[in-house]
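In what follows, a single structure is set out as structure tokens and then discussed.
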Amino acid sequence: MGVFPDPDREVDAAQARRMMDEQAAQVVDLREQHERDAGHIPDDRYLNIARVASEADSIRGDRPVIFYCRSGMRSGMTAAAFNSAGWDAYNLQGGLLAWAESGQPLDPADGTVAEH
């Protein structure tokens, strides 16, 4: 189990990919800019965690949101806060590390998972 307290509010890389492919979820990268520059999930949205509270209204509330960071710690806390505020929010279990380890693509194609 990941760091997120509710396993029903976590999705693994395959589930996240399926939700993205079906356009059933939006995916938000919460990492620092240097982490994002190294590699990120294609077609995601970038929102530095320092600005997530002030820009919460810019996240669509009409479909689920999957938050991710490097390992799932920062995104787990963010997803919990958004769920408490009424969003249908999920944490990407294991973060971008798990995404990359499962063979899912990164953007750019030769991207890497940077240290936090």
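The values are calculated or read from the model by the stated rules, or taken from the named source; none is laboratory data. Worth saying up front: this structure is predicted, and the values here are computed from it rather than measured. Every residue, glycine as well, gets a Cβ built from its backbone with ideal geometry; the counts of neighbours run over all protein chains shown.
What to note about this one:
- Residue within segment 72-91 that is without any contact (Cβ under 8 Å) to a residue 60 or more places away in the chain, of a type in the set (A, V, I, L, M) and under 13 Å from Ala13 (Cβ atoms) present: no
- Residues that are touching a helix residue (DSSP H, G or I) at 6+ places or on another chain (Cβ under 6 Å) and either at positive phi or not in a helix (DSSP H, G or I) (or both) within segment 89-105 comprise Ala89, Tyr90, Asn91, Leu92, Ser102, Gln104, listed in sequence order.
- Single match in Tyr46, Tyr68 (criterion: free of Cβ contacts under 8 Å to residues at least 60 places away in the same chain, surrounded by fewer than 18 Cβ atoms within 10 Å (Cβ to Cβ) and within 20 Å of Thr112 (Cβ to Cβ)): Tyr46
- Meets criteria (farther than 22 Å from Gly111 by Cβ and out of contact with any Cys (no Cβ under 7 Å at 6 or more places or on another chain)) for Ile59: yes
- Gln104 being loosely packed, with under 15 Cβ neighbours inside 10 Å, under 15 Å from the mean Cα position of the chain (by Cα), at pLDDT 95 or above and farther than 19 Å from Arg9 by Cα: no
- Within segment 41-55, not a single residue is outside any loop (DSSP other than H, G, I, E, B), among the acidic types (Asp, Glu), out of contact with any Lys or Arg (no Cβ under 6 Å at 6 or more places or on another chain) and more than 17 Å from Pro105 (Cβ to Cβ).
- Qualifying residue in segment 58-71 (condition: in a helix (DSSP H, G or I), under 11 Å from Val28 (Cα atoms) and touching a strand residue (DSSP E or B) at 6+ places or on another chain (Cβ under 7 Å)): no
- Among the residues making up segment 13-43, a single one is without any contact (Cβ under 8 Å) to a residue 24 or more places away in the chain and closer than 12 Å to Tyr90 by Cα: Gln15.
Rundown of residues vs (1) assigned to a helix (DSSP H, G or I); (2) of a type outside the set (Asp, Glu); (3) over 14 Å from His116 (Cβ atoms); (4) more than 11 Å from the chain's Cα centre (by Cα), yes/no style:
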{"residue": "Ala14", "(1), (2), (3), (4)": "yes, yes, yes, yes"}
{"residue": "Met20", "(1), (2), (3), (4)": "yes, yes, yes, yes"}
{"residue": "Asp37", "(1), (2), (3), (4)": "yes, no, no, yes"}
{"residue": "Trp87", "(1), (2), (3), (4)": "no, yes, yes, yes"}
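- The single condition among (1) of a type outside the set (Asp, Glu); (2) within 14 Å of Ser75 (Cα to Cα); (3) modelled with pLDDT under 95 that Val11 does not meet is (3).
- When segment 71-84 is filtered for residues that are of a type in the set (Gly, Ala, Ser) and either buried (at least 24 other Cβ atoms within 10 Å of the Cβ) or within 16 Å of Arg51 (Cβ to Cβ) (or both), the ones remaining, listed by number, are Ser75, Gly76, Ala79, Ala81.
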